[in-house]
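The values are calculated or read from the model by the stated rules, or taken from the named source; none is laboratory data. No experiment lies behind these values; they were computed from the predicted model shown. Counting neighbours? That spans all protein chains shown, and the Cβs are built from the backbone with ideal geometry, glycine included.
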């Protein structure tokens with residue numbers, strides 16, 4: 001499900017930019033309590049990404065730029081965060097609301113998805129699936 005969005009720092013991000021390495025896509029919102037609760041785990045995944053050979057992308061949904069920017073600063077998010085202002089990507093991934101996390105393999109195929117809060121065990125299983133590209 002290709003997409004093109006703008007990150008908080010004004011860059012354009014395209015799903016195709018991530019080909020060649022597994023990708024974790026985390027849909028979240030600044031006002032979402034379960035999203036806030038799982039953010040330390042998403043940040044851990046992002047910190048391990050360079051060492052483990054994958055990347056993390058946050059996509060803010062149902063939220064405004066100013067609120068997301070403030071939350072990203074407060075939560076000390078260091079991975080790229082894009083805004084899905086029109087909810088087009090949210091609809092394409094068939095999620096009703098945040099949080100939702102998709103694990104994409106190096107070829108761009110979704111290998112696992114967690115609709116709702118993510119826990120460490122589920123994240124580890126999903127990462128194994130995303131990294132084991134046939």
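Could you check residue 103 against (1) touching a helix residue (DSSP H, G or I) at 6+ places or on another chain (Cβ under 7 Å); (2) over 10 Å from residue 22 (Cβ atoms) and say which number it fails?
(2)
Report, by residue number, each residue of the stretch 57-77 that is within 12 Å of the chain's Cα centre (by Cα) and within 20 Å of residue 91 (Cα to Cα). Can you show your working first?
Restricting attention to the stretch 57-77, the residues satisfying the condition of being within 12 Å of the chain's Cα centre (by Cα) are 57-61, 77.
Result: 57, 58, 59, 60, 61.
Evaluate the following for residue 96: is it in contact with a helix residue (DSSP H, G or I) (Cβ under 9 Å, 6 or more places away or on another chain), modelled with pLDDT under 95 and not in a helix (DSSP H, G or I)? If you could, list the steps in order and put the result at the bottom.
Values: in contact with a helix residue (DSSP H, G or I) (Cβ under 9 Å, 6 or more places away or on another chain): yes; modelled with pLDDT under 95: yes; not in a helix (DSSP H, G or I): yes.
Answer is yes for this residue.
Yes/no per residue for (1) at pLDDT below 95; (2) in contact with a helix residue (DSSP H, G or I) (Cβ under 8 Å, 6 or more places away or on another chain); (3) farther than 29 Å from residue 132 by Cα:
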residue	(1), (2), (3)
31	no, yes, yes
39	no, yes, no
57	no, yes, no
76	no, yes, yes
91	yes, no, no
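Is there a residue being over 19 Å from residue 14 (Cβ atoms) and either surrounded by 13 or more Cβ atoms within 10 Å (Cβ to Cβ) or touching a strand residue (DSSP E or B) at 6+ places or on another chain (Cβ under 7 Å) (or both) anywhere in the stretch 85-94?
Of the stretch 85-94, the ones over 19 Å from residue 14 (Cβ atoms) are 94.
Still in the running and either surrounded by 13 or more Cβ atoms within 10 Å (Cβ to Cβ) or touching a strand residue (DSSP E or B) at 6+ places or on another chain (Cβ under 7 Å) (or both): none.
Within the stretch 85-94, not a single residue is over 19 Å from residue 14 (Cβ atoms) and either surrounded by 13 or more Cβ atoms within 10 Å (Cβ to Cβ) or touching a strand residue (DSSP E or B) at 6+ places or on another chain (Cβ under 7 Å) (or both).
Test of understanding: among 8, 69, 15, which residue is surrounded by 13 or more Cβ atoms within 10 Å (Cβ to Cβ) and either under 14 Å from residue 100 (Cα atoms) or touching a strand residue (DSSP E or B) at 6+ places or on another chain (Cβ under 7 Å) (or both)? Talk me through it step by step, then tell me what you get.
Numbers: 69 fails: either under 14 Å from residue 100 (Cα atoms) or touching a strand residue (DSSP E or B) at 6+ places or on another chain (Cβ under 7 Å) (or both); 15 fails: either under 14 Å from residue 100 (Cα atoms) or touching a strand residue (DSSP E or B) at 6+ places or on another chain (Cβ under 7 Å) (or both).
One residue alone meets the criteria, 8.
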